[in-house]
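The values are calculated or read from the model by the stated rules, or taken from the named source; none is laboratory data. If you're wondering where the values come from, they're calculated on a predicted model, not measured in any experiment. So basically every Cβ, Gly included, is an ideal-geometry build from the backbone, and we count neighbours across all protein chains shown.
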Amino acid sequence: MNELYPWLMPLWTEWQANLQADRFSNASLLIAEEGMGSSHLVDAFSQAVMCQNYPAEACGFCHGCQLMSSASHPDFHVIKPEKEGKAITVEQIRQCNRIAQESSQLSGIRLFVIEPAEAMNESAANALLKTLEEPSSTCMFLLVAHRANALLPTITSRCQQWHLTPPNSETVAQWLSSQHSGEVPLYAAHINGNAPLAALDFIQQDKVSRYSSIENDFIALCQQQADAVKLAKELAADPQESLSWLWYLLSDAQKVRYGLALPSFVPGAVKLAQVCDYPKLYSQSQALLKLLDQLRLHTGLNAELLILDWLFKFYEETCS
């Protein structure tokens, strides 16, 4: 097993203790933000469960471990969208249910990893419910979700829940400094929800420059000094990422209005707080959250047009 990231170790230690004591549920749900490296934790868990020698860690030598190493274990199944951004279909879950009712091919545990679990459409989630209610003693289901609020409550209630908590900003900053030789902005961890891998990507892909450009243009728009159409086009190039950045800018500016200023805040928070009052910052940040959800749930929408509409409303409210 490859060495796990340090922020994964507390939960992995807890998982090992539960595996060792045979207390791990047959239906479990891991809730982890993207950019936390949860796939490494899932890999370690999967290898341990499929190992024929030890209950809580892969030996690396047995037949089960060799099959996992070659990605050919007949009792290990990963259910994920057939294409990125698409749903996990009811047909995929029905096939999973059929396999779960069969006997193990190696007379051991059958493990099903469903990721991301929120990608199941409603029919697929409902099809999984009965199997989760009455799982076979030789079957284990591990659901991995990045947005738990997008799961059916009936799914979450049937699973033992585990939360992968992001480390604090200081821990992330220290790790980033060990991974990157250049300058690490103080806000890099904060703007990525303290998810270390997302923060590292933010730095290595020079998203710092893109963020600075968006921040400057947005504040200029609030000061009637920028083109909303141009900014909407820039934001629509990657709406989930760029709009989430703006949400952090609005959120930090609200806190500044209340006299709170932290070193990890985005650079433009103070300036935006000087341009906009709290009610406007709050109402438009809430509107932005709704827009983010709308674009996430309905991928065929015209993002640029919807973003432009939000920018115009922000501009009108700021200037009123």
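Restricting to the stretch 161-178, what's the tally of residues that are over 15 Å from Asn194 (Cβ atoms) and surrounded by 14 or more Cβ atoms within 10 Å (Cβ to Cβ)?
Counting residues in the stretch 161-178 that are over 15 Å from Asn194 (Cβ atoms) and surrounded by 14 or more Cβ atoms within 10 Å (Cβ to Cβ) gives 2.
Taking the stretch 176-211 on its own, how many of its residues are over 20 Å from Asp252 (Cα atoms) and free of Cβ contacts under 8 Å to residues at least 24 places away in the same chain?
Residues in the stretch 176-211 being over 20 Å from Asp252 (Cα atoms) and free of Cβ contacts under 8 Å to residues at least 24 places away in the same chain: 8 in total.
Out of curiosity, is Tyr211 modelled with pLDDT of 95 or more, out of contact with any strand residue (DSSP E or B) (no Cβ under 7 Å at 6 or more places or on another chain) and of a type outside the set (D, E, K, R)?
Against the criterion (modelled with pLDDT of 95 or more, out of contact with any strand residue (DSSP E or B) (no Cβ under 7 Å at 6 or more places or on another chain) and of a type outside the set (D, E, K, R)), Tyr211 qualifies.
Could you go through the stretch 16-31 and let me know if any residue there is of a type in the set (A, V, I, L, M, F, W, C) and exposed (fewer than 14 other Cβ atoms within 10 Å of the Cβ).
Scanning the stretch 16-31 turns up at least one residue that is of a type in the set (A, V, I, L, M, F, W, C) and exposed (fewer than 14 other Cβ atoms within 10 Å of the Cβ).
Can you tell me how many residues within the stretch 122-137 are exposed (fewer than 15 other Cβ atoms within 10 Å of the Cβ) and either in a loop (DSSP other than H, G, I, E, B) or at pLDDT 95 or above (or both)?
2
Check Ala148 against each of (1) without any contact (Cβ under 8 Å) to a residue 40 or more places away in the chain; (2) under 28 Å from Leu8 (Cα atoms) and name the one condition it does not meet.
For Ala148, the exception is condition (1).
Assigned to a helix (DSSP H, G or I) and either assigned by TED's automatic domain parsing to the domain that holds Asn126 or surrounded by fewer than 19 Cβ atoms within 10 Å (Cβ to Cβ) (or both): is that true of Ile191 in this structure?
Judged against the criteria, Ile191 is not a match.
Within the stretch 43-58, count every residue that is surrounded by fewer than 22 Cβ atoms within 10 Å (Cβ to Cβ), farther than 21 Å from Leu143 by Cβ and either under 30 Å from the mean Cα position of the chain (by Cα) or not assigned by TED's automatic domain parsing to the domain that holds Gln105 (or both).
Matching residues across the stretch 43-58 total 2.
Quick check: anything in the stretch 243-263 of a type in the set (Lys, Arg), more than 19 Å from Leu308 (Cα to Cα), free of Cβ contacts under 8 Å to residues at least 24 places away in the same chain and surrounded by fewer than 20 Cβ atoms within 10 Å (Cβ to Cβ)?
Yes, there is a match, as at least one residue in the stretch 243-263 is of a type in the set (Lys, Arg), more than 19 Å from Leu308 (Cα to Cα), free of Cβ contacts under 8 Å to residues at least 24 places away in the same chain and surrounded by fewer than 20 Cβ atoms within 10 Å (Cβ to Cβ).
Across the stretch 14-29, what is the number of residues that are outside any helix (DSSP H, G or I) and either touching a Phe, Trp or Tyr at 6+ places or on another chain (Cβ under 7 Å) or in contact (Cβ under 8 Å) with a residue 24 or more places away in the chain (or both)?
Qualifying residue count for the region: 7.
Within the stretch 162-182, can you find the residues that are in contact with a Phe, Trp or Tyr (Cβ under 9 Å, 6 or more places away or on another chain) and part of a strand (DSSP E or B)?
Residues satisfying the conditions are Trp162, Leu164.
Hey, among the residues in the stretch 264-297 that are of a type in the set (S, T, N, Q) and without any contact (Cβ under 8 Å) to a residue 40 or more places away in the chain, which one's farthest from Leu235 (Cα to Cα)?
Gln274
Looking for whichever is buried (at least 19 other Cβ atoms within 10 Å of the Cβ) and either more than 23 Å from the chain's Cα centre (by Cα) or farther than 17 Å from Leu143 by Cα (or both) here; the options are Met36, Met68, Met9. Which one fits?
Met68
Mind checking which pairs have a first residue in the stretch 100-122 that is in the same structural domain as Leu132 (by TED's automatic domain parsing) and under 21 Å from Gly64 (Cα atoms) and a second that is modelled with pLDDT under 90 and assigned to a loop (DSSP other than H, G, I, E, B), Cβ under 6 Å, 6 or more apart or different chains?
Sorted first by the residue in the stretch 100-122, then by its partner, the pairs are Ser104/Thr138; Ile109/Thr138; Arg110/Ser104.
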